[in-house]
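Okay, structure first, notes after.
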Amino acid sequence: MTRKTSHIPIHFAILLIFLLFGIPSNAQHPLTGKVIDKITREPLELAVISTPQSSTTTLTDKDGKFTIKAPTTTDSLTISSVGYAPQTVKAAANHDLTIELQKTQINLKAVVITGLTNNLTSSRTLTSIDLNMQPVKSAQDLLRLVPGLFIAQHQGGGKAEQIFLRGFDADHGTDVNISVDGMPVNMVSHAHGQGYADLHFLIPETIQGYDFGKGPYYTTKGDGCTAGYVAYDTKNVLENNMVKLEGGQFTTGRIVSMINLLTSKAKDKQQSAYIAGDALYSNGGPFLAPQHFQRYNLFAKFNTWISAATRLNASASTFYSRWRSSGEIPNRAVAEGYIPSRWGVLDSAQGGVTTRTNANVKLTTTLSKNSIWENQGWYTHYQFSLISNFTFYYYFPTTGDEFRQHEVRDMAGYTTKIAKKLFVANASFTSTAGAGFRYDDVHPDELDHTRNAQILDIIQKGRIKELNTNAFVDETIATGKWLFNSGLRLDYFYFYYRNMAPAYDTIAAKIFANTIPYARKATLSPKLNIQYTPNALIQFYLKSGKGFHSNDARVVIANQGYQTLPAAYGVDLGINWKPAPRLFISTALWYLYLQQEFTYGQDLIDQPGGPIKPSGRTTRKGIDLSLRYQLADWLFANMNVDLARPKSIDSATGHTYLPLAPTFTSTAGLDFRTNKGWNGGISYRYLHNRAANSTYTLTAKGYFVTDLTVNYTRPKYELGLAVENLFNVQFNESQFEYVSRLKNEPSPVDDVSYTPGVPFFAKLKLAIFF
């Protein structure tokens, strides 16, 4: 038996070595300060601080703090941030500055391309513009804000969305790392799919900002960051209290409330506390079997300084959702009269229930004027139960193929990170190191054969324990027009699976017979990124790195550790460019090699008889293009075009297509915001036809859908109209290839099944601010 060793001390040893030896000593004494929002008193991250006389530029950190090379007595500082009025102040050496910025209309003329962003991406420029201008109507819309990211819902609105990004059908999050306030959303070894990421516990009105990055290039992002990551931050302070009512077609209704719990005096002391909640009911469309989708959210957040140097940020939330679903309908079901229309249902027992409760605590400590230490701990309790039927009477011709996926999960994690920034001669050094762990206990993870939602047999049942410890170091050197970033990340995994299926379960007995119930694996992920910014109008960058996505614990144990942590190797070559004062362009050529593809129905025991085996190597290459243009002070245009060429390497000739992988997507829109209170926009979503199977003999049909939003906003209230699918286009939102057999059908058929996309859907809202 292999001797068990602990890798956690090694991670923290790396952090200690960094603290002792990682920083140059001959540093200059710079000017420090802080930038805050004038109304909320909250710090502003990534505000640009520049000294025009000496051509020196820096950015604020998450606490709004900045450190800049010591200016001369005649220098002035110019401070700007997207969505805020810029300021110019007199520089004062050896004196801490506090600069208050006032919100104003976005002006793309003020957007500056700087070579100082540590994540080496233009995403913060794009996210600042888009979140200010593009109305967010739901948690799903938060994902759609990411350029090139498409989603599909196919279970009555209650299940996590299917995600498409950079040539990936990432299922429900397998290859996209998603977090909220630093807390992971993805669920490893989930009953329904690896990396399952359900964002419905997030109230969209509480979002302050978001960040994204494409590819495996970021040392702070580990498991699942292959196609990219999305990170959301909730508000620390509410500008005002709010109650909102929404109502629309398909028996849709929603109520939202956000209430400050402390007085304005507490805000002046940079203390805040608020509570937010929402409740939603909808039938989701003209389904013949109503969806009865219900969702309830409660969220609370508290911020305070517990000492002169340490800030406490604590939040808690709970979420409950229940729904029915018509599931996926085979194309032939309507054509051959099995159901009266595409809104019909073949198994009315489909649906689910899920809950999630979170607690999240973060301490941010300023160790010195140029050093910050972050410590964060979080805990989640989660339950999930889903009834589905994809194949109808294929596996079980008499009782049907309906099945239940069920799990109860507790998970917890902790991260510590320290960052230091120093100046040596004409160069700045930003050194970051961190370590942490995540532990998941799933008790049980279960798959049952059901009929009318009643259990007939247990197909798979077990207990999963999964531990991921990690450590990383990251160094960014900015000198002149160049920026160099390198990093190294270490991840260690411990997988455990105990088969608890009854003796009559021959499938589980065969899969897990004579297997050792645990496995261990570690992986190193190096990153190297280079950026060249000749001026404030153009920037060139090269990003490269290795990432990975972990496999499901059941697959790891069944395969005795083979392909436990398949690697992803990627490279981006891109440009950020302002060819005109009000035009911003970001584009990249990219390539990604994946050691093992995760595809739906192959890697997980998610339906009777589903095989457990690696899916083979793949490659992807493509082009991303994003444009933001300000046509007038009140009118903005945006466009994203994303091309990808995904390909299987190990498949036989003629079978090299990756099922459902997007090859061409585009979004664009016009957004307006006037001084008279009118705001909103019109936009489209385009997804091209793509292969539904490996031979492209079946097609997942594309669509072109237009959405409209119009609001009238005043200081005390807001009226709004939102219309999805403005031109009432008939389209299929989610599509899958299944070999299925309908009742009384003589033999199984290989066909595309789909969930119909929502038709014209209008919704009104009224919000009161106080």
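None of the figures in this text is laboratory data; all of them are computed from the coordinates on show. What you see is a predicted model, and the numbers here were worked out from it, not measured in a lab. Every residue, glycine as well, gets a Cβ built from its backbone with ideal geometry; the counts of neighbours run over all protein chains shown.
Which is farthest toward the positive dipole end of the chain among Phe390, Pro184, Thr310, measuring Cα position about the Cα centre, with Cβ charges +1 (Lys, Arg) and -1 (Asp, Glu)? Of the listed residues, the answer is Thr310.
Using only the C-alpha atoms, the convex hull of the stretch 423-557 corresponds to 158 Å³ per residue. Extension gain for Tyr414-Phe484 works out to 22.3 nm (0.36 nm per residue, less the C-alpha to C-alpha distance).
With the gyration tensor restricted to C-alpha atoms of the chain, the semi-axes of the equivalent ellipsoid amount to 43, 31, 25 Å, longest first. For the stretch 615-770, the Cβ-based charge dipole about the Cα centre amounts to some 340 debye (Lys, Arg positive; Asp, Glu negative; other atoms uncharged).
Can you give the calculated 222 nm mean residue ellipticity of the chain, where each DSSP H run of n ≥ 4 adds -39,500 (n - 2.57) and the sum is split over every residue, rounded to the nearest 500 deg cm²/dmol? Each step should come with its number before you reach the end.
On the way: 7 runs with 54 residues, N = 770.
That comes out to -2000 deg cm²/dmol.
For the stretch 739-766, the residues whose backbone nitrogen is under 19 Å from a point 7 Å from the Cα of Trp343, taken along Cα to Cβ, are 754-764. By the gyration tensor of its Cα atoms, with a ≥ b ≥ c the square roots of the eigenvalues, what is the shape of the stretch 228-272: rounded for a/c under 1.5, prolate for a/b over b/c, or oblate? Oblate, because a/c is 1.5 or more while a/b does not exceed b/c. Taking the Cα centre of the chain as reference, the dipole from Cβ charges on Lys and Arg (+1) and Asp and Glu (-1) amounts to some 1660 debye.
Where in the stretch 296-337 does the amide nitrogen come within less than 17 Å of the point 7 Å from the Cα of Asn241, taken along Cα to Cβ? It comes to 299-301, nothing else. An ellipsoid equivalent to the stretch 480-578, defined through the eigenvalues of its Cα gyration tensor, has semi-axes of 46, 13, 8 Å when rounded to whole angstrom and sorted largest first. Using the average count of surrounding beta-carbon atoms within 10 Å as a protection proxy, the listed peptides 240-249, 370-379, 124-133 rank, highest first, as 124-133, 370-379, 240-249.
How much FRET efficiency would the formula 1/(1 + (r/R0)^6) give for Thr304 and Ala359, where r is the Cβ-Cβ distance and R0 is 22 Å, rounded to 0.05? Please report the intermediate quantities before stating the final value.
Working: r = 17 Å, r/R0 = 0.76.
The calculated FRET efficiency here is 0.85.
Put a dot 7 Å past the Cα of Lys369, heading toward its Cβ, do the same for Val112, and the two dots end up 2.0 nm apart.
Compute the Rg to Rh ratio over the stretch 334-375 from the alpha carbon atoms, using the Kirkwood formula for Rh, and round to two decimal places. Intermediate results must be reported in sequence, preceding the final value.
Details: Rg = 26.7 Å, Rh = 16.3 Å.
Radius of gyration relative to Kirkwood radius: 1.64.
Karplus-derived 3J(HN,Hα) values for the stretch 441-453, using 6.51 cos²θ - 1.76 cosθ + 1.60 with θ = phi - 60°, are 10, 9, 8, x, 10, 9, 10, 10, 7, 10, 9, 6, 6 Hz; glycine and proline are entered as x. With the simple model of a label 7 Å out from the Cα in the direction of the Cβ, Ala335 to Arg714 spans 5.6 nm.
Checking the Cα-Cα distances for Lys65/Lys235; Lys214/Lys362; Lys69/Lys103 against a 20 Å cut-off, the pairs over it are Lys214/Lys362; Lys69/Lys103.
For the stretch 331-477, take the alpha-carbon Rg, divide it by the Kirkwood Rh, and send me Rg/Rh.
On the way: Rg = 25.1 Å, Rh = 19.9 Å.
Radius of gyration relative to Kirkwood radius: 1.26.
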